[in-house]
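Each value in this text was obtained by applying a stated rule to the coordinates, not by laboratory testing. Predicted model, so just to flag it, every value in this text is computed and none were measured. Please note: Cβ atoms are built from the backbone with ideal geometry, for glycine as well, and neighbour counts cover all protein chains shown.
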Amino acid sequence: MTMPAGAQRIRRLSFRDGVAAEGSRAVPEETALAVVYDGGSYAVMMGSPTHLEDFAVGFSLTEGLIGGLDDIEDFETLEHENGIELRLWLKEPRSKALAARRRMIAGPTGCGLCGIDSLTEALRTPPRVGAGSRFTPAEIEAALAALAPAQVLNHETRAVHAAAFWSPDTGLAALREDVGRHNALDKLAGALARAGIEATRGLVLLTSRVSVEMVQKTATIGAPVIVAVSAPTALAVRTAEAAGITLIGVARGDGFEVFTHPDRIAPEPISHVA
């Protein structure tokens, strides 16, 4: 069987009812991803070695290092024995601004704040999103139903997170997976930017819990609604409220819970006008 990118099959010994059996299991790859700007290392994250340009672009956007694709002069990847360098060259004035604030941060899988020594930076106020669209409960359920079938890597490994973008006009427009939930959302941000997809008319879907960093990144993307299968933290709720984001959690096949800005959820069917 052909493995999807970002996974490999390994031998393992399983025990069921006390009986041992040899076999194999698909597991996700995990590698060090070093984001390098203008020849200087900025961050090292542990992540899945897939959709690397999406990740580099999305990370740059959600960290506020660039304002758009036009700020990037060039991009390349360089593989090493111990990881992969994602090399970006920025145009002025972004290059000069980055040189002034350059720092080293390191984030292990699942941690978006490790290495940040500034509380102000960690708790930065995200941009406030626009009014965006309204959605019916049926549309939220349709978006969730489209999520699982598109998680190719997770179907094989049951060990990665996904972030996706759905709108009534396009359905599931983009989905990215990664062993790190923050990385998956950064990859989604990069994919949307590179495809020129406007996020204001859709919603971001997350297979993970919603922490403050996930709200901050979604606000940078510009999506007015987050729908997550798990619950949010209290700080994530306060941040979503301040950013004007409708935060939906505990979203399952039988319903969901709205924590902030419920006015975007319409109880009756609505027509979407282009």
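What the table below lists for this structure:
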item: Net lengthening on full extension, Ala5/Ser41 (0.36 nm per residue, minus Cα-Cα); result: 10.4 nm
item: Rg(Cα)/(2.2 N^0.38 Å) for region 1-102, N = residue count; result: 1.48
item: For region 187-194, 3J(HN,Hα) per residue [Karplus equation, 6.51 cos²θ - 1.76 cosθ + 1.60, θ = phi - 60°, Hz, x = Gly/Pro]; result: 4, 5, 4, x, 5, 5, 5, 5
item: Considering only region 129-265, percent of DSSP beta bridges that pair antiparallel, nearest 5; result: 60 percent
item: Region 137-264 - Rg over Rh from alpha carbon coordinates, Kirkwood radius; result: 0.92
item: log₁₀ of I(q)/I(0) at q = 0.14 Å⁻¹ - the chain, Debye sum with one point per alpha carbon; result: -0.99
item: Cα-projected label distance for Thr125 with Trp89, points at 7 Å along beta-carbon direction, nm; result: 3.8 nm
item: Cβ crowding within 10 Å averaged over residues, with 153-160, 231-238 ranked highest first; result: 153-160, 231-238
item: Antiparallel DSSP beta bridges within the chain, percent to nearest 5; result: 70 percent
item: Peptides 8-21, 191-204 ordered by average Cβ neighbours within 10 Å, highest first; result: 191-204, 8-21
